[in-house]
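Structure first, then comments.
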Amino acid sequence: MSRGTDATGPYVLLQFAPPPGDPDVQFRVQRQVTGAPAWMPVSPWLDAGSTTFRDRGVSPTGGYTYRVQAMDSAGNVGNFTAPRPAP
C-alpha cells in the first residue's frame, strides 16, 4: 500500500494478489477513516484479474485503514483481511 498524488489529486494505492490456482478472484475494498466507527465501501467487486485499486476519495493527510474481501469464480465470498493502515 502506498500514497501518491497525480494530475487528478491524492490517492491511496492498494495491491493484492489472487490465491494460487484461482486467477479469476474478484476483490472489493472498504475504508475506515481514523476515529470513525464504520467501514465504507470504496469499490464495487473489481474485475476478475484486477490486482490494484486506487482510492481517490482521500485527502493527502487523512488517516485511513483498509480491508479487502475476495470472491472466487464460484461466488464463494471470503472473510475480510485484517485491517491495514495507509502509510
For a quick protection proxy, order the peptides 56-62, 15-21 by their average other-Cβ count within 10 Å, most packed first. 56-62, 15-21
Subtract the Cα-Cα distance of SER73 and ALA17 from 0.36 nm times their separation in residues, and report this length gain in nm to one decimal. 18.7 nm
For the modelled label position 7 Å from the Cα of ALA48 along Cα-to-Cβ, which residues of segment 55-87 have backbone nitrogen atoms closer than 20 Å? 69-79
Global geometry of the chain, whether rounded, prolate or oblate, following the gyration tensor of its Cα atoms and the 1.5 cut on a/c: prolate
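Can you give the local net charge around GLY63? Use residues other than it whose beta-carbon is closer than 12 angstrom to its beta-carbon, Lys and Arg +1, Asp and Glu -1. Intermediate values should be presented prior to the final figure.
Numbers: positive: ARG3, ARG31; negative: none.
It works out to a net charge of +2.
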Where labels lie 7 Å past Cα in the beta-carbon direction, separation of ARG56 and MET40 in nm: 1.6
Take PHE80, PHE27 and order them by how many other Cβ atoms sit within 10 Å, fewest up front. PHE80, PHE27
Normalising by the residue count of segment 2-85, find the relative contact order in percent from Cα pairs under 8 Å and 6+ residues apart. 31
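Which net charge results when you count Lys and Arg as +1 and Asp and Glu as -1 among the other residues whose beta-carbon is under 15 Å from that of ARG54?
Details: positive: ARG3, ARG28, ARG31, ARG56; negative: ASP6, ASP47, ASP55.
It works out to a net charge of +1.
Computed from the coordinates by the stated procedures, all read-outs in this text should not be read as laboratory data. Quantities reported herein were computed from a predicted structural model and do not represent experimental measurements. Note: ideal-geometry Cβ built from the backbone for every residue, glycine included; neighbour counts use all protein chains shown.
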